[in-house]
Structure formats: C-alpha cells, structure tokens
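A.B. asks: To start, I am sharing the structure in question, which I have written as structure tokens.
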Amino acid sequence: MKKRTLIQAAALAVLASTGGLALAQTAPFKIGLILPMSGQQATTGRQIEAAVKLWMAQNGDTVAGRKVQVVLKDDTSLPDVTRRLAQELVVNDKVDVLAGFGITPSAMAVAPIATQSKTPLVVMAAATSSITEASPYIVRTSFTLPQASVALADWAPKNGIKKVVSLVSDYGPGIDAEKFFKERLQLNGGQVTESLRVPLRNPDFAPFLQKVRDLKPDALFVFVPSGAGAAVMKQFFERGMDKAGIKLIATGDVTDDDQLNDMGDNALGVVTSHHYSAAHPSAANKKFVAEFQKANKNMRPNFMAMGGYDGMRVIYEALKKTGGKAGGDALLAGMKGQIFESPRGPVYIDAQTRDIVQNIYLRKVEKKDGQLWNVEFDVIKDVKDPGKTK
Ligand code: PHB
C-alpha cells in the first residue's frame, strides 16, 4: 500500500512538472532579427527578410511544440541603432536568439550584449573574420572575407595575373580581403603593388580608378560590400580600364546576384570567388532559387539570402535538439557542430570557432537564357576561415 502511494506521488510529481513545462513551452520562441531595411545596405535586409520568410513557409512556424515568432527591426545599418535595438529586444521582448546583422560594425556593437545576456547571436551577413571572437555566443552562417580572398589569390597567378592593385572598402571586411589576398598572392609568386581603400559610406571610385589606370597592373582586385558592386563595375568599364589591359577580379560581393543582371554585358567574363552563386547547379539550390523567386516577384536570391536561410535552419535545428527549451547555453550547444547540405553546398558549423566551414567556388560571369549568372568553374572544398589559424 505504502509502495503504491509512493509511486502515485512520484507520478503526480512528474505530471506536475511536465504540466508546468508544457505551459512554459506554449510561450512563443522569439527571434530578434535586426537588419538594415533602409539606407545603403537595404538590399541585404530585403534579401534576408525574404529568405527567413521562405524558410518559415517551407518548414512551418512551430518547432518542438514551440511557436516561432520573428521580431524584425530596422537598424538602418547604423551600429548605435543596432545596439539600442538589441538591448530592447533582449530586455523588453525577451528574445531567445538575436539574428541578422548586415555589416560588421553592427555585429560588433551587439557582441557584448550577447555575452552578458547569454543570448545566442546568429550572424547571417557580416563577414569580418574576427566577429566570432567578439563573443562566445556568436555563430556565423555567412562567410568570411579571408575564405573568399585566398581562393582568388591562388587562382590569379596560374592565370597570368602577377601584378595586382587592390581596392577595398575601408573597414573590417575590406581590410581582411586586402591582407589575405596580398599575403597569399605573394606566397604564390605574385605581388600587390598598391593597396587602395575607399570609404564605406558614399564612396566615389573615380579618383581611385584613375590611380589604378596609371599604375597599370595586370588586374584590379576589388572588395566592396553587397549593394555597392554595380557602381564599381560601371565606373571600371566607363573608364575603359579593361581596354587599357587591366582585368577586374573580385570577391563575389561585387558581382552580387541581387544586382548582376542590371550590370550589362560589360560584366561578362569577370572572375570572382565566393561561397554562393544562384547558379550553383545542385537540386537543393534549384529548388531554393525557384521557390525564392516565386515568393518574391522573381527577385533572385543572393549570398545574403543564403546566410539568412541557413541561419534559420541552424536556429530551428538547435531548438529541436533542446526539445523546444530555450536557454542560451543549450541552444548554443545545439548550434555548434551542425552539418548539413545547404543550397550553397555542404557546410558545417565548426564547434570550436562557431564559424561556418564551406566550399569556395571560382566563378565567371556568363550569359544563359538572356540573363547574367556567376557560373562556377572550380571549387575548393571545406574551407575553414583562414583568419582563425593565424
Ligand atoms: C560586412 O560588413 O561584414 C560585410 C557587408 C557586406 C558584404 C560583406 C561583408 O558583402
């Protein structure tokens, strides 16, 4: 009899605790998504928002019994605004995860908040190598500039490009691109003869391009952030740089799929290196591109959309692993080490660095069915961020 009461008591206790748990779990799981929806980086916000919506349309808005709610905020790509919004999202909205971050200064501004509040922060766009070192709660699903730049510096000297001038936006990712391209090219017997930096905000490329013309390198290597590529391309060709015998090579940020089709036939033949092309010929990517375009008036997804889409997957999978329980440390543990087939190719989240390991592709702009695409012609597999091994 006594034994039976004990068992009954234990069963009651289990019921009570799971009942309580069930109650807590009915509260929505909140993702605070901070993106530049206006201002110079607005295309990044538009692309990532569309990708997040597509992910949720395809995978539902309930994970392990929890309703997932996205709270979208526009930081206009000003880091002070990003910081204030993140603070409000954590303190007032009690978000379980912070995500988005269109530019490096925005991600950096929020890193201390992620650390103090133990909130996982998924960087879907920003790409300076050191971002993941700014907080142990940061996980990245975009890429790093060292990943992209090193691949191009391996390709260039094998293709007659020995003397290069570099032109980068003067902040984190540009400085990474400049440094890693230069070091690798030197290692391969080439040389960067001049390193030029243009301001991030409202750059005027004309005086820099004039200088490049005078220097007459084999090629100009360019990094500018997503959204600024079309302006560089236009001025490069308007000034007849190609006719003066100077090739244009770049990270894929420049031949951005968001703008590529409007760049015109001048862009044909430009070689870039990157982790994602909308022309990636896998079944998973064909499905992704088709469904993205269908849901967004034919807008072509770019690499920013890819970072947002995979970022959602990483969050969903982590929540599944915790059985629907939030809590920063458990979620973070669920994000580390994830391996999956992304539309960009196979990827994994390195458990040590929390950074993405992925293929880097060499691509050339080609015309197919009347449209311009970054067509992949070579691949370097499973590239870890070279910025982390230094
Ligand atoms: C960045 O600010 O880290 C950034 C932004 C846009 C890019 C690449 C890097 O295309």
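A.B. asks: Filter the range 100-154 down to the residues that are under 13 Å from ALA86 (Cα atoms) and out of contact with any helix residue (DSSP H, G or I) (no Cβ under 6 Å at 6 or more places or on another chain) and list them by number.
C.D. replies: Correct list: GLY100, MET108, ALA111, PRO112, ALA114, THR115, GLN116.
A.B. asks: Please give the strands (runs of 3 or more DSSP E) falling wholly within the range 101-182 in which 2 or more residues are surrounded by fewer than 24 Cβ atoms within 10 Å (Cβ to Cβ) and at pLDDT below 95.
C.D. replies: Where strands (runs of 3 or more DSSP E) fall fully within the range 101-182, none carries at least 2 residues being surrounded by fewer than 24 Cβ atoms within 10 Å (Cβ to Cβ) and at pLDDT below 95.
A.B. asks: If you don't mind, there's one more thing I want to ask. Quick one: in the range 51-85, which of the residues that are among the acidic types (Asp, Glu) and outside any strand (DSSP E or B) is nearest to ARG313 (Cα to Cα)?
C.D. replies: We begin by selecting, within the range 51-85, every residue among the acidic types (Asp, Glu); these are 61, 74-75, 80.
Add one more test, that the residue is outside any strand (DSSP E or B), and what stays is 61, 75, 80.
On the way: ASP61: 12, ASP75: 23, ASP80: 28 Å.
Per the stated criteria, the residue is ASP61.
A.B. asks: Just the residues that are of a type in the set (Ser, Thr, Tyr) and within 17 Å of the chain's Cα centre (by Cα), please, taken from the range 138-168.
C.D. replies: THR141, SER142, THR144, SER149
A.B. asks: Looking only at the range 264-286, decide whether some residue is aromatic (Phe, Trp, Tyr) and touching a Leu at 6+ places or on another chain (Cβ under 9 Å).
C.D. replies: Checked the range 264-286: no residue is aromatic (Phe, Trp, Tyr) and touching a Leu at 6+ places or on another chain (Cβ under 9 Å).
A.B. asks: So PRO199 fits all but one of (1) crowded, with 17+ Cβ neighbours inside 10 Å; (2) more than 30 Å from ASP329 (Cβ to Cβ); (3) within 16 Å of the ligand (Cβ to nearest atom); what number is the exception?
C.D. replies: (1)
A.B. asks: Mind checking whether some residue in the range 175-182 is more than 15 Å from the ligand (Cβ to nearest atom) and over 30 Å from VAL97 (Cα atoms)?
C.D. replies: yes
A.B. asks: Give the residues of the range 262-284 that are outside any helix (DSSP H, G or I), small (Gly, Ala, Ser) and within 22 Å of VAL347 (Cβ to Cβ), sorted by residue number. Working first, answer last.
C.D. replies: The first filter runs over the range 262-284 and keeps only residues outside any helix (DSSP H, G or I), leaving 263-264, 268-282.
Okay, now just the ones that are also small (Gly, Ala, Ser), so 264, 269, 273, 277-279, 282.
SER273, SER277, ALA278, ALA279, SER282 - these are the residues of the range 262-284 that are outside any helix (DSSP H, G or I), small (Gly, Ala, Ser) and within 22 Å of VAL347 (Cβ to Cβ).
A.B. asks: Which one of these does ALA230 not meet: (1) of a type in the set (Gly, Ala, Ser); (2) surrounded by fewer than 19 Cβ atoms within 10 Å (Cβ to Cβ); (3) assigned to a helix (DSSP H, G or I)?
C.D. replies: Only one criterion in (1) of a type in the set (Gly, Ala, Ser); (2) surrounded by fewer than 19 Cβ atoms within 10 Å (Cβ to Cβ); (3) assigned to a helix (DSSP H, G or I) is unmet by ALA230, namely (2).
The values are calculated or read from the model by the stated rules, or taken from the named source; none is laboratory data. Please read these numbers as outputs of a predicted model, since none were measured by experiment. Using ideal geometry, Cβ is built from the backbone for each residue, glycine included, and neighbour counts are taken over all protein chains shown.
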